[in-house]
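Notes for the one structure printed next.
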Amino acid sequence: MPADRLTVRFAYQRGFQVVDGSTILQTFEKQAEAFKFVHGRGARVWLAWARTIIGGQTAPFDFAATFQQDKVGRIMRTMHGPTAGTWFWTVHTGGARGTVDSKDEAVAGVEAAFTRYIAEADKFKRRQ
């Protein structure tokens with residue numbers, strides 16, 4: 001069964017590697033090519049997740065996603081109102097966002113949308 005999350009990592013002087021666990025699946029010259037490979041397999045890029053820090057304090061039920069030290073997305077649990085208990089997710093570039101029932105679904109939403117955005121970035125550039 002193919003993995004649904006794959007790692008894309010910088011490989012010094014070789015480009016970008018797509019990795020499943022400890023197995024290198026393929027190496028690409030450009031990051032976008034690696035993302036296209038992941039997206040083409042129906043998978044998403046595994047992002048790094050950490051607690052969101054605002055004013056030096058960690059926010060409850062609030063997490064930021066990074067790729068190679070760039071902040072790329074965020075998830076947070078809705079605490080009040082009619083959607084209390086749901087999770088909001090957003091990708092900083094590309095405008096994708098949504099509301100889902102669980103933290104895992106929110107993580108998947110950010111990772112899938114970010115993977116799709118980078119994999120299809122050349123399509124967006126051609127439209128401009």
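The table that follows gives values for the structure above.
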item	result
Cα shape, the stretch 56-105, gyration tensor, a/c 1.5 rule	oblate
Over the chain - Rg/Rh using Cα atoms and the Kirkwood inverse-distance radius	1.01
Solvent-accessible area, 1.4 Å probe, carbon plus sulfur percent, for the chain	51
Gap separating the Cα centres of the stretch 1-43 and the stretch 85-101, nearest whole Å	24
Percent of alpha-carbon pairs separated by more than 18 Å within the stretch 1-67	45
Per residue solvent-accessible surface (Å²) - the chain, probe of 1.4 Å	63
Relative contact order (%) - the chain, alpha-carbon pairs under 8 angstrom, separation at least six	18
The chain: angle of helix 103-119 to the longest principal axis, Cα-based, in degrees nearest 10	40
The chain - mean residue ellipticity at 222 nm from DSSP helices (-39,500 (n - 2.57) per run, n ≥ 4, rounded to 500)	-8000 deg cm²/dmol
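The values are calculated or read from the model by the stated rules, or taken from the named source; none is laboratory data. What you see is a predicted model; the values in this text were computed from it and never measured. For the accessible areas, the whole protein counts, side chains as well, though only heavy atoms, and no ligand, DNA or RNA atoms are used. Shrake-Rupley method; radii C 1.70, N 1.55, O 1.52, S 1.80 Å.
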